Amino acid sequence: MLERPMWLMLLVSLCVMSTVYVHRSVWDLPVAVIDQDHSSASRLLIRELDSTAKIAMKSYDNLHDAERDLAWRKLFAVIIMPVDLEKKILSGQDIVIPVYGDATNRLANGQIQQDVVAAYQQLLTQYNTDLLLRSGFTERQAQVLLTPILGQTLDLFNPGISFAAIIFPGLLVMLLQHSLLIACVRVSIALKSSPQGKPSLPVYLGGLSALIPIWLFLSIVLFVLWPWVLGYRQTATIPEILLLTFPFLIAVLGLGKLLTECLRSVEMIYLTLSFITMPVFYISGTIWPLQAMPGWVRAVSSMLPSTWATKAIAGVNQMGLPFNEVGSDIVNMLILGLIYTLLGMGVGLLRDTGRIRRMLRSKRKA
């Protein structure tokens with residue numbers, strides 16, 4: 001593998017795949033606005049929306065042109081300022097601001113909805129504050145009446161960075177797990193199909209352990225160098241990353257041993273890995289919390305090395321947790337590696353025993 005380092009294709013794949021997260025968040029989404037009121041309230045609301053970092057307002061004269069550009073994916077949404085918007089605000093009437101969004105882009109659509117609601121609330125706050133001040137209230141009294149409870153947000157996970165930085169650690173863990181599974185399965189099958197016959201235990205362990213330095217190097221590239229290039233927040237040191245990655249690699253090697261003994265065919269193993277990679281990514285807790293999953297799904301998720309690795313690496317490298325806080329995750333990965341290795345050895349022993357028995361029966365019949 002060192003003479004023909006095809007595993008470096010993993011780095012090329014990573015570079016191409018992760019460039020979609022270079023900006024780390026969505027910015028300046030083109031949104032059409034049609035002002036049918038032409039009042040100070042509608043202009044103020046449009047300025048509030050245009051001042052947000054995630055929306056870039058584009059003025060349109062009619063709905064037909066805006067819907068056409070929305071259909072051609074030139075716009076992410078169309079916002080209409082209805083007639084008599086300011087009059088209804090001043091009279092306290094219910095207001096409906098039509099927003100046509102592209103629901104196929106869930107992330108962008110959700111961000112636009114949040115900014116529209118926030119801008120509208122800001123507009124109402126300004127109008128209500130002016131009314132209270134004109135009625136004789138002080139500025140402090142008006143603030144207490146309008147916002148009696150102040151919310152406070154504490155930055156715990158990826159502060160200042162949104163969707164991309166949450167997905168990124170899990171994506172890297174899955175990439176590392178999938179590539180190592182393919183490599184260790186291929187090495188195991190190559191050792192067993194060698195002309196010298198079934199390899200001894202030291203030879204077999206030596207062949208698999210030779211993969212560990214390569215994937216430790218890849219872990220530094222994936223979890224340290226490449227996130228640094230993209231500008232993602234990192235709080236873990238290189239030794240901590242290696243200490244977190246090593247038990248993960250042991251667990252993946254154990255899982256590879258079990259898959260090899262159960263399938264024993266390169267084609268079947270490659271086909272199985274290609275189908276289970278995406279479901280494993282979804283149930284690993286990266287894009288949906290484990291606590292919100294059904295019990296049986298959580299049970300399956302807890303049997304995957306990537307679940308514990310994502311939790312541990314993201315906790316130390318993104319959340320800034322101390323290393324001892326993820327000690328249980330490290331222990332779980334080592335336990336999984338031991339269990340998968342023992343199960344793989346047991347399955348292999350049963351299959352070899354059955355094969356020997358069939359050979360003896362065929363000789364007796366002959």
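Just a few scattered comments:
- Filtering region 149-170 for residues that are more than 30 Å from THR245 (Cα to Cα), touching a Ser or Thr at 6+ places or on another chain (Cβ under 9 Å), modelled with pLDDT under 80 and open to solvent by less than 80 Å² (accessible area, probe 1.4 Å) leaves an empty set.
- Annotation: of all residues in region 43-92 being under 19 Å from VAL116 (Cβ atoms), open to solvent by 50 Å² or more (accessible area, probe 1.4 Å) and among the hydroxyl-bearing types (Ser, Thr, Tyr), the one that is farthest from the chain's Cα centre (by Cα) is SER59.
- A search for C-beta distances below 6 Å between a residue of region 121-133 that is in a helix (DSSP H, G or I) and any residue that is of a type in the set (Asp, Glu) and open to solvent by less than 80 Å² (accessible area, probe 1.4 Å), counting only pairs 6+ apart in sequence or on different chains, returns GLN122/GLU48.
- Any hit, region 18-33, residues being assigned to a helix (DSSP H, G or I), surrounded by 12 or more Cβ atoms within 10 Å (Cβ to Cβ) and modelled with pLDDT under 85: yes
- The lone exception for PHE248 - which of (1) surrounded by fewer than 20 Cβ atoms within 10 Å (Cβ to Cβ); (2) touching a residue at least 24 places away in the same chain (Cβ under 8 Å) it fails: (1)
- Among the residues of region 183-228, the ones that are touching an Asp or Glu at 6+ places or on another chain (Cβ under 9 Å) and among the small types (Gly, Ala, Ser) come to 1 in all.
- Restricting MET319, MET333 to those that are in contact (Cβ under 8 Å) with a residue 40 or more places away in the chain and either basic (Lys, Arg) or within 18 Å of MET174 (Cβ to Cβ) (or both) reduces the list to MET333.
The values are calculated or read from the model by the stated rules, or taken from the named source; none is laboratory data. Small disclaimer: the values here were computed from a predicted structure and weren't measured. Here Cβ is always computed from backbone atoms with ideal geometry, including for glycine, and neighbour counts include all displayed protein chains. Heavy atoms of the whole protein, side chains included, go into the accessibility calculation; ligands, DNA and RNA do not. Shrake-Rupley method; radii C 1.70, N 1.55, O 1.52, S 1.80 Å.
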